[in-house]
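In what follows, a single structure is set out as structure tokens and then discussed.
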Amino acid sequence: MSLKNPYGDFEISEPQALRALAHPVRLAILEHLQRHGPATATGLSPHVGATPSVVSWHLRHLATFGLVLDWDGATNKRERWWQAAARGFRFTVPEGTEGQSANQQLRGEMFARNADAPQQWLLNEEPRLDAEWRTLAGMADTRFVATADELRQLEESIEELIAPYVRRKEGAAPPDARIVRMLRYLLPEPGDEAPAEPGDDDAATS
């Protein structure tokens, strides 16, 4: 496992590990452990839509790749407790056909899992915010022209900028701090058309 990135995320590069995570129940398990802390298969069951025995199987499968670990901090030792290996994860696209296929499979599951997140936030979370926080929330849909190196540098700069907030413990945050979720998609287009020149109608939108 490598944690050499600004967020301290678990980094995945093996096709087998990507395929292991490309499952809706496993993604739900890992997300719940990362967000809410250690839990048992029984405790996870109602949150991930699977029976405790099925959850146990998926946990053991995730543990094979180091994504989850045993947690020894529980006072109740009658059940096996699990924790996420890191607060988040990221993955790089492996070379070869197998790696490309595994990458597409995991991305597809992640896109599907998060597709409804903005609408759920709008219905369930936004109405409970005060005016200040409501005005800070929102989205952007921006198109721009960049090289691969420039896009890589931009992503690294964004990560370095928000890394201190990602890694800060909740107990160390100011009293008026809240958890904020940022969904960030980088969607390069294939370049079948020439880049729009500045001043064109569709050169940039936000």
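Expressed as a fraction of 2.2 N^0.38 Å, the C-alpha radius of gyration for the chain is 1.18.
If you stretched the chain out fully between Arg152 and His47, how much longer would it get, using 0.36 nm times the residue separation minus the C-alpha to C-alpha distance?
Numbers: separation 105, 0.36 × 105 = 37.80 nm, distance 3.54 nm.
Separation in residues times 0.36 nm, less the Cα-Cα distance, equals 34.3 nm.
In a DSSP loop and with at most 10 other Cβ atoms within 10 Å, the trypsin sites (Lys or Arg not before Pro) in region 1-105 are Lys4, Lys77, Arg78. Each residue of region 112-175 gets 160 Å³ once the volume of the Cα convex hull is shared out per residue.
How large, in Å, is region 7-72 by the Kirkwood hydrodynamic radius built from its alpha-carbon pairs? Result for region 7-72 stands at 12.1 Å. Pairwise Cα distances in region 99-142 exceed 14 Å for 63 percent of all pairs. Its DSSP H runs of at least 4 residues, each contributing -39,500 (n - 2.57), put the calculated 222 nm mean residue ellipticity of the chain at -13500 deg cm²/dmol, to the nearest 500.
Could you please report the charge total around Glu14, scoring K, R as +1 and D, E as -1 over all other residues with beta-carbon less than 12 angstrom from its beta-carbon?
Working: positive: Arg19; negative: Glu11, Glu95, Glu98.
Once positives and negatives cancel, what remains is -2.
Residue separation of Met182 and Val54 scaled by 0.36 nm, minus their Cα-Cα distance, works out to 43.0 nm of gained length.
Considering only protein heavy atoms, what per residue accessible area in square angstrom results for the chain with a 1.4 angstrom probe?
Numbers: 14420 Å² over 206 residues.
Per residue, the chain has an accessible area of 70 Å².
Can you give the longest stretch of the chain with no exposed loop site, where a site means GluC sites (Glu not before Pro) in a DSSP loop (not H, G, I, E or B) with at most 14 other C-beta atoms within 10 Å? All intermediate terms of the calculation are to be shown ahead of the outcome.
Values: sites that count: Glu79, Glu95, Glu193.
Answer from the scan: 96-192.
Sequence-distant contacts, meaning Cα pairs under 8 Å at least 6 residues apart, place the relative contact order of the chain at 24 percent.
The values are calculated or read from the model by the stated rules, or taken from the named source; none is laboratory data. Small disclaimer: the values here were computed from a predicted structure and weren't measured. Every residue, glycine as well, gets a Cβ built from its backbone with ideal geometry; the counts of neighbours run over all protein chains shown. Please note that ligands, DNA and RNA were not included when accessible areas were found on the heavy atoms of the full protein model with its side chains. Shrake-Rupley method; radii C 1.70, N 1.55, O 1.52, S 1.80 Å.
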